[in-house]
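Below is one structure; the comments refer to it alone.
The values are calculated or read from the model by the stated rules, or taken from the named source; none is laboratory data. The structure presented is a predicted model; accordingly, all values stated were derived computationally and were not measured. With ideal geometry, Cβ positions are generated from the backbone for all residues, glycine too; neighbour counts draw on all protein chains shown.
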Amino acid sequence: MATRAGARTLGIEDQVGSIEVGKRADVIVVDRDRTHQVPGPDPYSTLVYSARGTDVTTTIVDGELLVENGQPLRVDPREVIGAARAAALDLVRRARLV
């Protein structure tokens, strides 16, 4: 996998780069049963060229489950959306003053 060569190049292959006991890892699970990914005979090309962020059903970072069944476990999406909208409005207001 590409991550092994990257880890080796950075000299941290003992910590990352492959999924092994004792190594840090980030893993996602992608739902390939979405219409925009069918027929998808080559899973690698399909993942690179057709998959979307919304296709990610599970996210694990450094062994911690962060997203399960497409739902974030550590943040409230409504709070994030509210904060993003407020930040966007603030940015627009400041841009109009320039």
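Mind checking whether some residue in segment 52-69 is free of Cβ contacts under 8 Å to residues at least 60 places away in the same chain and over 17 Å from the mean Cα position of the chain (by Cα)? No: zero hits.
This table checks each residue for (1) of a type outside the set (A, V, I, L, M, F, W, C); (2) at pLDDT below 95.
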site: Glu20; (1), (2): yes, yes
site: His36; (1), (2): yes, yes
site: Thr57; (1), (2): yes, no
site: Leu73; (1), (2): no, no
site: Ala86; (1), (2): no, no
